[in-house]
Each structure stands twice: as C-alpha cells, then as structure tokens.
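Take a look at the structure below.
The values are calculated or read from the model by the stated rules, or taken from the named source; none is laboratory data. The shown structure was predicted, so the numbers you read here are calculated from the model rather than taken from an experiment. Please note: Cβ atoms are built from the backbone with ideal geometry, for glycine as well, and neighbour counts cover all protein chains shown.
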Amino acid sequence: MKKSVLLKSFLVLVLFSLLVFSMTGCYPAPPIVTTGTLYITIGGWYPYYDYDIYFDYAYMGYTTTASFTIYNITPGTHTLSAYEYWTGWPWDTITVYITAGANYVTISPYY
C-alpha cells in the first residue's frame, strides 16, 4: 500500500510540474533597435537664438531652447544644419554619423 501511495504522489507531482511549466510561456525577446535618435544641443556664442533645424536638407522644425531631438533616423552619414530663424542665415552645417540608438551632437552656430 505504501508503494502505491508513493507512486500516486510522484505522478501527481510530475503532472503538476508539467502543468506549471506549460502555463509559463517564453518571454518575448526585446525589440532590436534599428533606427537612431539624434539629440542636438546648440552651442557657440548665441545658443538661445531661434534656429531652424534641417536634417539632410529637409526642414525638421525650429528651436528656441538650445536643444532639439530628431527620431527614427536611418543609420549612416547625414547632414545637419542650423539656420538663424529670423534671417535665414546658414550659421552652421555639419556631417554626423548616426548609429542605432541614442546619438548626441553639439552644433555651434556663429562660433
């Protein structure tokens, strides 16, 4: 009798273990970042002027706070420009290499 109780207990334990393991799924892999984010800081003599920001010669917007962020950039070499907002003068243009993830650059107009 002891043998059958021990066998039943073992079978219950095995079934319970299988049930627990089958209900816990695999965790999904974290997403792979394939695009870059560019965090721009305006430096130089006049960082708090208003600047139009161009990325690959396309208008991205303007900043009055000496910082600007561009999202979902394809990795590679790109051109970044800052033009003075009121006059449109091209204060600075630089070439940046963007990688997947976060990228930081300081552009220094009129420096």
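Considering only residues that are free of Cβ contacts under 8 Å to residues at least 24 places away in the same chain and exposed (fewer than 12 other Cβ atoms within 10 Å of the Cβ), which ones fall in the range 50-63? Scanning the range 50-63 gives 58, 59.
Checked against (1) under 25 Å from residue 31 (Cβ atoms); (2) part of a loop (DSSP other than H, G, I, E, B); (3) of a type outside the set (S, T, N, Q), residue 86 passes all but a single condition, namely (1). Annotation note: Cβ proximity below 7 Å between a residue of the range 92-104 that is over 11 Å from residue 37 (Cα atoms) and a residue that is modelled with pLDDT of 95 or more and polar (S, T, N, Q) (sequence gap 6+ or interchain) occurs for 93/79; 95/77; 95/79; 97/77. Here residue 23 meets the list (1) at pLDDT below 90; (2) surrounded by 12 or more Cβ atoms within 10 Å (Cβ to Cβ) almost entirely, failing just condition (2). List every residue pair whose Cβ atoms lie under 7 Å apart, where the two residues are 6 or more positions apart in sequence or sit on different chains, the first residue falls within the range 65-88 and is over 23 Å from residue 100 (Cβ atoms) and touching a residue at least 12 places away in the same chain (Cβ under 8 Å), and the second residue, located anywhere, is of a type in the set (Ser, Thr, Tyr) and exposed (fewer than 13 other Cβ atoms within 10 Å of the Cβ). Note: pairs meeting the criteria are 66/48.
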